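*Asks:* There's a structure below that I have some questions on.
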Amino acid sequence: MAPKFPDSVEKLRAAGNESFRNGQYAEASALYGRALRVLQAQGSSDPEDESVLFSNRAACHLKDGNCRDCIKDCTSALALVPFSIKPLLRRASAYEALEKYPMAYVDYKTVLQIDNSVTSALEGINRMTRALMDSLGPEWRLKLPSIPLVPVSAQKRWNSLPSENHKEMAKSKSKATTATKNRVPSAGDVEKARVLKEEGNELVKKGNHKKAIEKYSESLLCSNLESATYSNRALCYLVLKQYTEAVKDCTEALKLDGKNVKAFYRRAQAHKALKDYKSSFADISNLLQIEPRNGPAQKLRQEVKQNLH
């Protein structure tokens, strides 16, 4: 017998939110779609409600890897309420997944005009800058689509929203640093970052992991485009038994380089130490897809496998 769904927009949206929190993204998407149809049938004059539903359904599509429908729904949300942060970020993520890096860059850059401390947009800009330099060469900026100028009214609108409406972004703000405000590091910054990373490497060889963390952190303040700097700092955190920090750094490393074997291995070690054996096993499996004959990884997989049963 099919489940009976609520029929009001508010109840459908709440049910969709609950399904989304439970990881039932297809069901959540259907509920948001139903809410949209009810809202449109009522002839609602409030574009905000309709925009939020499109944005929420886009989040479901993104979670399910349906990037094209995510982009479509985000575009609909932004047509109703231009310069809304969540649909811009979701559309940027979808463009990035489809390797449409110029479009992703534009959306991340637009978010930063609205609020320049949104960490996910800062990190996105760094990833896109690196990808665009690799694919389009030193003149990549000349080949970008035009970046819309965000009106002051949109910025004021964001700042005046009730606090509950930007809890998600508040988390990002708290993580922002003076370094990430230099969103696209100069050649001098990149060189300084490289030198500091090498100094950190030398300290690791001497067994001075605390001091090495300081050097790697300074390096990342200059430029956070280097995957190895994050995975090297993660090694130090592992040695010092700061496992949660190690997981975070490995995750950042893998955002920059999805085939960073050391990051997969070190995150697997950290997850194992935190008794998160399922995540540890997943990381080792990913690593072994890249390097099937990696001996230490094979050994770690056996150890983790015993704890899974």
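*Asks:* Compute the normalised compactness of the range 9-158: alpha-carbon radius of gyration over 2.2 N^0.38 Å, N being the residue count.
*Replies:* For the range 9-158, the normalised Cα radius of gyration comes out at 1.10.
*Asks:* Under a 1.4 angstrom probe, counting protein chains only, how are Met133, Met128, Met103 ranked by accessible area, largest first?
*Replies:* Met133, Met103, Met128
*Asks:* Do any trypsin sites (Lys or Arg not before Pro) in the range 233-284 lie in a loop, going by DSSP, with at most 11 other beta-carbon atoms within 10 Å of their beta carbon, and if so which?
*Replies:* On the way: sites: Arg233, Lys241, Lys248, Lys255, Lys259, Lys262, Arg266, Arg267, Lys272, Lys275, Lys278; in loops: Lys241, Lys259, Lys275.
Those satisfying the criteria are Lys241, Lys275.
*Asks:* If ligands, DNA and RNA are left out, what is the accessible area of Cys222 with a 1.4 Å probe, given in Å² to the nearest 10?
*Replies:* 20 Å²
*Asks:* In degrees between 0 and 90, to the nearest 10, how far off the longest principal axis of the chain does helix 101-114 point, with axes built from Cα atoms?
*Replies:* For 101-114 against the chain, the angle is about 80 degrees.
*Asks:* State the answer as a single residue: which of His61, Gln42, Leu78 lies farthest towards the positive end of the charge dipole of the range 17-98, with beta carbon charges of +1 for Lys and Arg and -1 for Asp and Glu, about the Cα centre.
*Replies:* Positive-end residue among those listed: His61.
*Asks:* Still on this structure: Per-residue counts of other Cβ atoms within 10 Å, averaged by peptide: what ranking do you get for 84-92, 200-208, highest first?
*Replies:* Highest to lowest by the protection proxy: 84-92, 200-208.
*Asks:* Please tell me the relative contact order of the chain in percent, rounded to the nearest whole number, where contacts are Cα pairs under 8 Å and at least six residues apart. Can you show the working numbers first?
*Replies:* On the way: 403 pairs, mean separation 25.5, N = 309.
Rounded, it is 8 percent for the chain.
*Asks:* Also, I was wondering about something else. Among the GluC sites (Glu not before Pro) within the range 42-143, which fall in a DSSP loop and have no more than 14 other Cβ atoms within 10 Å of their own Cβ? Present the calculation step by step, with values, prior to reporting the outcome.
*Replies:* Details: sites: Glu48, Glu50, Glu96, Glu99, Glu123, Glu139; in loops: Glu99, Glu139.
Passing sites in the range 42-143 are Glu99, Glu139.
*Asks:* Quick check: the distance between the Cα centres of the range 51-109 and the range 236-283, to the nearest angstrom?
*Replies:* Here the answer is 29 Å between Cα centres.
*Asks:* Something else about it: Counting only protein heavy atoms and using a 1.4 Å probe, what share of the accessible area of the chain belongs to carbon plus sulfur, as a whole percent? Walk me through the intermediate numbers first.
*Replies:* Values: 8450 of 16720 Å².
C and S fraction of accessible area: 51 percent.
*Asks:* Any idea what the alpha-carbon Rg over 2.2 N^0.38 Å comes to for the range 246-301?
*Replies:* In units of the 2.2 N^0.38 Å rule of thumb, it is 0.99.
*Asks:* While we're here: Divide, for the range 187-307, the radius of gyration over alpha carbons by 2.2 N^0.38 Å, where N is the residue count.
*Replies:* 1.06
*Asks:* May I ask you to give the solvent-accessible area per residue for the range 9-158, in square angstrom, as obtained with a 1.4 angstrom probe?
*Replies:* Using a 1.4 Å probe on heavy atoms only, each residue of the range 9-158 averages 48 Å².
*Asks:* HN-Hα J couplings of the range 124-130 from phi, Karplus 6.51/-1.76/1.60, θ = phi - 60°, integer Hz, Gly and Pro as x?
*Replies:* x, 4, 4, 5, 5, 4, 5
*Asks:* Would you list the P(r) distribution for the chain, with all Cα-Cα distances sorted into 20 Å bins from 0 and each bin expressed as a whole %?
*Replies:* P(r) over the chain, rounded to whole percents: 27, 54, 18, 0.
*Asks:* While we're looking at this one, here's another question. Based on Cβ point charges of +1 for Lys and Arg and -1 for Asp and Glu, what charge dipole magnitude is obtained for the range 187-307 about its Cα centre, in debye rounded to the nearest 20?
*Replies:* Dipole magnitude for the range 187-307 comes out near 560 debye.
*Asks:* Here's something else I'd like to know. Can you give me the accessible area per residue for the range 189-301, using a 1.4 Å probe, in Å²?
*Replies:* Values: 5850 Å² over 113 residues.
On a per-residue basis, 52 Å².
*Asks:* A follow-up question, please. Using a 1.4 angstrom probe on the protein heavy atoms only, line up Ile213, Ile290, Ile125 by accessible area, largest first.
*Replies:* Ile290, Ile213, Ile125
*Asks:* Report ³J(HN,Hα) in whole Hz for each residue of the range 236-251, in order, from the Karplus equation J = 6.51 cos²θ - 1.76 cosθ + 1.60 where θ = phi - 60°; Gly and Pro get x.
*Replies:* 4, 4, 4, 4, 8, 6, 9, 5, 5, 5, 4, 4, 4, 5, 5, 5
The values are calculated or read from the model by the stated rules, or taken from the named source; none is laboratory data. Small disclaimer: the values here were computed from a predicted structure and weren't measured. Because the Cβ atoms are built from the backbone with ideal geometry, glycine has one as well, and the counts that use them run over all protein chains shown. What goes into the accessible areas is simple: the full protein's heavy atoms, side chains included, and nothing from ligands, DNA or RNA. Shrake-Rupley method; radii C 1.70, N 1.55, O 1.52, S 1.80 Å.
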